[in-house]
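Q: The structure's right below; bear with me while I get my questions together.
The values are calculated or read from the model by the stated rules, or taken from the named source; none is laboratory data. As the structure is a computational prediction, the values presented were derived from the model and not from experiment. FYI the Cβ positions are ideal-geometry reconstructions off the backbone, even for glycines, and counts take in every protein chain you see. The accessibility values were calculated without ligands, DNA or RNA, using every heavy atom of the protein model including side chains. Shrake-Rupley method; radii C 1.70, N 1.55, O 1.52, S 1.80 Å.
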Amino acid sequence: MKTQLEVQTPTIPFTNKQAYLVHDNLLYRIHAPIIFIGRHPNNNLILTYPTISRFHARIKHEDGHFFLYDYGSKYGTFVNGKQITRQELGSGDVITLADIQILFVDESKAPLSDLEKSTGELKE
């Protein structure tokens, strides 16, 4: 199954940090202090895979850092292969939600110039 996206108009950045999620050859700019991820249409990043929970995880920007939280998902949330409930993200970390992988990139620590990805939009 493919990721379902809804294109929205860009919003004003909430921070000077430029951070992205890379999934299925698409690049998604993190545009809000909290990004919700799951199968339900109310999430910002909608992943329509059967192993993804309706509300699987969230990424929250706190005090200049990004943290990933699991919402008690059935198949778990992992960072670099380690199951987590809360984990600070670093550039290059591989987020695994059930069996779906997403790359986290913090451009202030690792430039995107090496990534050749199309740009996608997160749902608002």
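Q: Give the number of residues within the stretch 55-74 that are in a loop (DSSP other than H, G, I, E, B), within 15 Å of the chain's Cα centre (by Cα) and among the charged types (D, E, K, R).
A: 0
Q: Do you know which of the residues in the stretch 80-109 that are of a type in the set (Asp, Glu) and loosely packed, with under 14 Cβ neighbours inside 10 Å is modelled with the lowest pLDDT? Before you say what the answer is, go through the steps one by one.
A: Keep residues of the stretch 80-109 that are of a type in the set (Asp, Glu), which gives 88, 93, 99, 106-107.
From what is left, the residues that are loosely packed, with under 14 Cβ neighbours inside 10 Å are 88, 99.
Details: Glu88: 98, Asp99: 95.
Checked the stretch 80-109; the qualifying residue modelled with the lowest pLDDT is Asp99.
Q: Quick check on my filter: what residues within the stretch 39-53 are farther than 13 Å from Gln101 by Cβ, crowded, with 19+ Cβ neighbours inside 10 Å and touching a Lys or Arg at 6+ places or on another chain (Cβ under 6 Å)?
A: Within the stretch 39-53, Asn44, Ser53 meet the criteria.
Yes or no, residue by residue, for (1) out of contact with any Cys (no Cβ under 8 Å at 6 or more places or on another chain); (2) of a type in the set (Gly, Ala, Ser); (3) open to solvent by less than 70 Å² (accessible area, probe 1.4 Å):
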site	(1), (2), (3)
Ile34	yes, no, yes
Ile37	yes, no, yes
Phe55	yes, no, no
Leu68	yes, no, yes
Gly72	yes, yes, yes
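Q: Given (1) modelled with pLDDT of 90 or more; (2) over 15 Å from the mean Cα position of the chain (by Cα); (3) hydrophobic (A, V, I, L, M, F, W, C), where does Leu112 come up short, assuming only one miss?
A: In the conditions (1) modelled with pLDDT of 90 or more; (2) over 15 Å from the mean Cα position of the chain (by Cα); (3) hydrophobic (A, V, I, L, M, F, W, C), Leu112 misses (1) alone.
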